[in-house]
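Q: Got a structure here, written out as structure tokens. Questions coming.
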């Protein structure tokens, strides 16, 4: 592995309830617009929890051929659209490079439950012979990797990663490592999730009884680090970036959005229904990322927090952040997912794009706090309104159930 090989972002793509491309997403988020609303995609009258950030106006026919889209679950449709945006934004002509040296890395946790919901109903109401034959290839988490590889003829080292809520960030981190190790020249990396379905909402409702870390917000007020936080709100969407070496990007005069400087991934192997029992796992992930980077803790301008929205999880994360940055008064913290929901397998992918846009625009997106900031969380939180600030280095935190911790550093490119 060439540890000195520098990895940069040269393309970005995103679809979400807050915007169907990167520009619309950033504009709406800067205004503090929330995509969280009462469930409307299906009849939810019997559901205890009634709120989600859902793609209410999404029409796949505007983006994909009908012959293809009908075979796919939403989470794969989202991934195809967002990854295509990232490829186009990078201005990399895939037909002119070695397809054996391009990889696709995707983070996902739940797979395709809208497709599965529908076909399970057919099984028990109409009979097994009426099940859609594409069910077998539509539901599983690796479906986006297969479909995108086929669509673009990608033959390089690729992976589907499920590390829970940190899947998207993990996929980007490992894609960067694959390029750094010389296995790839380019990687399309990110995450996708489409969990706003009857089955998944019911499953999350039941999980709320198992552990505080699973609590869904009963009033839809997803407010990480808020004084009256009471849980998270599901979101959906997809985000992908194009990664390549700095040398490659400069050679083809590509736009460089940010450089990936450090990556850390750990596990505490705790109860699979819970996040970390203390801050040690995230602490180690942050330390690994910082040690791999060429910067000091005092250089970090912004922390994009995991922002679970539950009492203990937020308190633990805040204490971990405080441990490293209490002496650096200029380090801000925010959790913009309060605007567009917890997208689980796509969380880190959204975060990396937000990091790049924060660096580009020198602004920090807000955390929406309805009832005031919890004073027991000792962090410098940007709440309710975006602010202008010098941003050169961003630390991203993600956590997954079972004690998974992931950290990644995105920096402004400089010679």
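Q: Could you tell me which residue of segment 209-223 is surrounded by the fewest Cβ atoms within 10 Å (Cβ to Cβ), considering only residues that are touching a helix residue (DSSP H, G or I) at 6+ places or on another chain (Cβ under 7 Å) and within 25 Å of residue 21 (Cα to Cα)?
A: 223
Q: Mind listing just one residue for me: the one in segment 383-415 that is surrounded by fewer than 21 Cβ atoms within 10 Å (Cβ to Cβ) and touching a strand residue (DSSP E or B) at 6+ places or on another chain (Cβ under 6 Å) and, of those, nearest to residue 245 (Cα to Cα)?
A: It comes out as 413.
Q: Within segment 118-131, is there a residue that is crowded, with 24+ Cβ neighbours inside 10 Å and closer than 29 Å to residue 216 by Cβ?
A: No; the residues of segment 118-131 include none that is crowded, with 24+ Cβ neighbours inside 10 Å and closer than 29 Å to residue 216 by Cβ.
Q: What single numbered condition from (1) surrounded by 24 or more Cβ atoms within 10 Å (Cβ to Cβ); (2) not in a strand (DSSP E or B) fails to hold for residue 260?
A: Every condition holds for residue 260 apart from (2).
Q: Here's a check for you: in segment 278-308, which residue that is part of a loop (DSSP other than H, G, I, E, B) and surrounded by 17 or more Cβ atoms within 10 Å (Cβ to Cβ) is nearest to the chain's Cα centre (by Cα)?
A: 306
Q: Hey, any hits in segment 336-343 for a residue that's surrounded by 24 or more Cβ atoms within 10 Å (Cβ to Cβ), in contact with a strand residue (DSSP E or B) (Cβ under 8 Å, 6 or more places away or on another chain) and either closer than 22 Å to residue 187 by Cβ or not assigned by TED's automatic domain parsing to the domain that holds residue 317 (or both)?
A: Scanning segment 336-343 turns up at least one residue that is surrounded by 24 or more Cβ atoms within 10 Å (Cβ to Cβ), in contact with a strand residue (DSSP E or B) (Cβ under 8 Å, 6 or more places away or on another chain) and either closer than 22 Å to residue 187 by Cβ or not assigned by TED's automatic domain parsing to the domain that holds residue 317 (or both).
Q: Which of the residues that make up segment 150-168 are assigned to a helix (DSSP H, G or I) and surrounded by 19 or more Cβ atoms within 10 Å (Cβ to Cβ)?
A: Within segment 150-168, 164, 165, 166, 167, 168 meet the criteria.
Q: Here is a follow-up. When residue 209 is evaluated against the numbered criteria (1) assigned to a loop (DSSP other than H, G, I, E, B); (2) in contact (Cβ under 8 Å) with a residue 12 or more places away in the chain; (3) closer than 27 Å to residue 312 by Cα, which criterion, by number, is the only one it fails?
A: Just one mismatch for residue 209, condition (2).
Q: Ok, one more. Among the residues of segment 348-366, are any crowded, with 24+ Cβ neighbours inside 10 Å, at pLDDT 95 or above and in a strand (DSSP E or B)?
A: Looking through segment 348-366, at least one residue is crowded, with 24+ Cβ neighbours inside 10 Å, at pLDDT 95 or above and in a strand (DSSP E or B).
Q: For residue 239, which of the numbered conditions (1) over 21 Å from the mean Cα position of the chain (by Cα); (2) over 27 Å from residue 297 (Cα atoms); (3) assigned by TED's automatic domain parsing to the domain that holds residue 80 fails to hold?
A: Only one criterion is unmet by residue 239, namely (1).
Q: Do we find a residue being outside any helix (DSSP H, G or I) and under 24 Å from residue 120 (Cβ atoms) anywhere in segment 169-184?
A: The answer is no, given that none of the residues of segment 169-184 is outside any helix (DSSP H, G or I) and under 24 Å from residue 120 (Cβ atoms).
Q: Looking at 194, 239, 249, can you tell me which residue is in contact with a helix residue (DSSP H, G or I) (Cβ under 7 Å, 6 or more places away or on another chain), more than 30 Å from residue 379 (Cα to Cα) and surrounded by 21 or more Cβ atoms within 10 Å (Cβ to Cβ)?
A: 194
Q: May I ask you to verify whether residue 333 is crowded, with 24+ Cβ neighbours inside 10 Å, within 22 Å of the chain's Cα centre (by Cα) and more than 27 Å from residue 216 (Cβ to Cβ)?
A: no
The values are calculated or read from the model by the stated rules, or taken from the named source; none is laboratory data. The model shown is predicted, which means the values in this text are computed figures rather than measured ones. Note that we place each Cβ from the backbone using ideal geometry, even for glycine, and neighbour counts take in every protein chain shown.
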